[in-house]
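The values are calculated or read from the model by the stated rules, or taken from the named source; none is laboratory data. All values reported here derive from a predicted model rather than from experimental measurement. Glycine gets a Cβ as well: all are built from the backbone with ideal geometry, and neighbour counts include every protein chain shown. Only protein heavy atoms, including side chains, enter the accessible area calculation; ligands, DNA and RNA are left aside. Shrake-Rupley method; radii C 1.70, N 1.55, O 1.52, S 1.80 Å.
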Amino acid sequence: MTHPYREADVAADGEPEKEFNAGIAARLPKKTTAAGALVRNSEGLILFLEAVYKPTLEIPGGVTEFDESPLDAVRREAREEIGIDIEIGPPLVVDWIPASGPWFDGIMFIFDGGVLTDEQISQITLDDTEARRFQFMTLDQASDRMRPSMVRRLARAQEALAQGFPLYTEYGRHPEPKAVETVPAERPAGE
């Protein structure tokens, strides 16, 4: 997606920061970024897609492309996968996932995909290279057909929707609070 302000914003920042140690940019870690949409029907059921490329259920969305924002990615992916443009609302969850097997660690976004009207639902046309069918279900109904981490992430998205503010999670869980280190007070000299 082309943004009218993006080129101007990049130009306004001036020349890119120079590498003070040659080649450092190429040595920085890589992370996968993906974005999905929590889309519901008027009954509050979640739109799930049966992906053709994996055995688990998915929500509309996917991996960001080079130099693509998570918001642009979820808009593009939803349009490609379900064949209609949907209004993408604010982020609900920013979830870090650890590296696993051949996969890098990543940052997964879930945005509010809104509530579809019956007319919009009737216009859904699946991309047959992405999904074989769609269903609206509760998270409980769909949970045995998803990875546990995705179930947790979607549960946090529902929680964020109900609370009205986004959540940061790690592998779909609220992060453990960091233990506060206490330092004994210094004693004045001579005690």
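A few notes on this one:
- GLY114, sole failed condition from (1) surrounded by fewer than 18 Cβ atoms within 10 Å (Cβ to Cβ); (2) without any contact (Cβ under 8 Å) to a residue 40 or more places away in the chain; (3) not polar (S, T, N, Q): (2)
- Taking each residue of the stretch 117-135 that is in a loop (DSSP other than H, G, I, E, B) and looking for partners that are buried (at least 17 other Cβ atoms within 10 Å of the Cβ) with beta-carbon atoms closer than 6 Å, six or more apart or interchain, yields ILE124/ILE82; ASP127/GLU81; GLU130/GLU81.
- Condition broken by GLU43, with the remaining ones in (1) surrounded by 10 or more Cβ atoms within 10 Å (Cβ to Cβ); (2) under 30 Å from ASP128 (Cα atoms) satisfied: (1)
- Hits in the stretch 157-166 - residues which are among the aliphatic types (A, V, I, L, M) and open to solvent by 80 Å² or more (accessible area, probe 1.4 Å): ALA162
- Unique residue being out of contact with any Pro (no Cβ under 7 Å at 6 or more places or on another chain) and either of a type in the set (Val, Ile, Thr) or in a loop (DSSP other than H, G, I, E, B) (or both) when the list is GLU7, GLU80, GLU68, GLU50: GLU68
- Being assigned to a helix (DSSP H, G or I), open to solvent by less than 70 Å² (accessible area, probe 1.4 Å) and farther than 17 Å from LEU47 by Cα is a description that does not apply to LEU154.
- Residue check for GLN141: within 19 Å of GLY113 (Cβ to Cβ), open to solvent by less than 90 Å² (accessible area, probe 1.4 Å) and not charged (D, E, K, R): no
- Residue match in the stretch 89-103 (condition: touching a Gly at 6+ places or on another chain (Cβ under 6 Å), hydrophobic (A, V, I, L, M, F, W, C), crowded, with 18+ Cβ neighbours inside 10 Å and within 18 Å of GLN158 (Cβ to Cβ)): no
- Output for the stretch 133-177, where each listed residue is farther than 18 Å from PRO98 by Cβ and at pLDDT below 95: PRO177
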